[in-house]
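Visitor: Before we start, here is the structure in question, set down as C-alpha cells.
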Amino acid sequence: MIALIIVIVIVAVIAIWYVSAYNNLVNLRTHAEESWSQIDVQLQRRNDLIPNLLSTVKGYSKYEQKTLEKVTQLRQQMVSMPSSDHKGLMEVSDKLTGALNSLYAVAENYPDLKASTEYSKLMEELSNTENKIAYSRQLYNSVVASLNAKIQNFPANIVAKNHHFTAMDYLQVPETAKEAPKVSFDDLD
C-alpha cells in the first residue's frame with residue numbers, strides 16, 4: 001500500500017513538473033512573439049511618419065532627390081513585406097535607418113528646414129520611434145535567449161522536443177552599425 005502511494009506521488013510530481021515546464025515554454029514563446037509584435041508596431045509607426053517627413057524635406061530641398069527616393073523605396077519595401085519575415089524586415093529596417101541618417105544629413109544643409117517646427121516635431125517623433133525600435137529589439141533578443149536556453153536545458157528539453165518547440169533566431173546588428181563612426185575636426189575653426 002505504501003509503495004502504491006509513493007508511486008502515485010512520484011507520478012503526480014512528474015506530471016506537475018511536466019505541465020509546469022510545458023507552460024513555461026509556451027509563456028516564453030508567447031512573450032517572444034509579443035516582443036516581435038512590439039517591433040512590428042514601431043516599424044509601422046516609423047513608416048507612418050516617413051511620408052510627412054519626406055514632404056516636409058521635399059519642400060526645402062529640390063536637389064536631394066536621390067536620398068528622398070531611396071527612403072521612399074525602402075519604406076515601400078517594408079510596407080509590402082509580410083510581418084512573419086523577421087529577418088527580411090530587420091534587413092530592410094537597417095537599410096532604412098541608414099537612409100534616414102542620410103536624410104538627416106541633407107537637412108543639415110538647409111538651416112530653414114532645421115528651424116521648421118514641423119520638421120523638428122517629426123524628427124523628434126522619428127528619433128523616439130528609432131529608440132523604441134532599438135529597445136524592442138533588445139527585449140526580443142532577451143526573451144529569445146531565455147526561450148532558447150530553456151529549450152536546451154535538461155530536463156525541459158525533453159518537453160520541448162516532445163512538443164516541437166524550436167529555437168528562435170536573434171535579431172542581429174548590421175555590420176555597418178559595428179563600424180566606428182568617422183569623426184573629423186577639419187570643419188572647425
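Visitor: Within segment 21-40, is there a residue that is surrounded by 14 or more Cβ atoms within 10 Å (Cβ to Cβ) and of a type in the set (Ser, Thr, Tyr)?
Guide: The answer is yes; a qualifying residue exists.
Visitor: Could you list, ordered by first residue, the pairs with Cβ atoms under 7 Å in which the first is in segment 19-33 and closer than 9 Å to Val143 by Cα and the second is outside any helix (DSSP H, G or I), at least 6 apart or interchain?
Guide: Arg29/Phe165; Ala32/Met168
Visitor: Please find, within segment 167-189, the residue that is modelled with the lowest pLDDT out of those that are surrounded by 11 or more Cβ atoms within 10 Å (Cβ to Cβ) and not aliphatic (A, V, I, L, M).
Guide: Looking at residues that are surrounded by 11 or more Cβ atoms within 10 Å (Cβ to Cβ) and not aliphatic (A, V, I, L, M), I get Pro174.
Visitor: Have a look at Ala134, Ala160 and point out the one that is modelled with pLDDT under 85 and part of a helix (DSSP H, G or I). Before you say what the answer is, go through the steps one by one.
Guide: Numbers: Ala160 fails: modelled with pLDDT under 85.
Residue meeting the stated conditions: Ala134.
Visitor: Sort out which residues of segment 125-140 are under 12 Å from Ser35 (Cα atoms) and open to solvent by less than 40 Å² (accessible area, probe 1.4 Å), and write them in order of number.
Guide: Listed by number, the residues that qualify are Ile133, Ser136, Arg137, Tyr140.
Visitor: Just give me the residues in segment 81-92 being within 15 Å of Tyr170 (Cα to Cα) and part of a helix (DSSP H, G or I), in sequence order. Don't jump to the end; show me each part of the working.
Guide: Going residue by residue through segment 81-92, those that are within 15 Å of Tyr170 (Cα to Cα) are 84-91.
Answer for segment 81-92, where residues must be within 15 Å of Tyr170 (Cα to Cα) and part of a helix (DSSP H, G or I): His86, Lys87, Gly88, Leu89, Met90, Glu91.
The values are calculated or read from the model by the stated rules, or taken from the named source; none is laboratory data. This is a predicted model, so every value here is computed, not measured. Cβ coordinates were reconstructed from backbone atoms using ideal geometry, including for glycine residues, and neighbour counts include every protein chain displayed. These area figures cover heavy atoms from the full protein model, side chains too; ligands, DNA and RNA do not enter into them. Shrake-Rupley method; radii C 1.70, N 1.55, O 1.52, S 1.80 Å.
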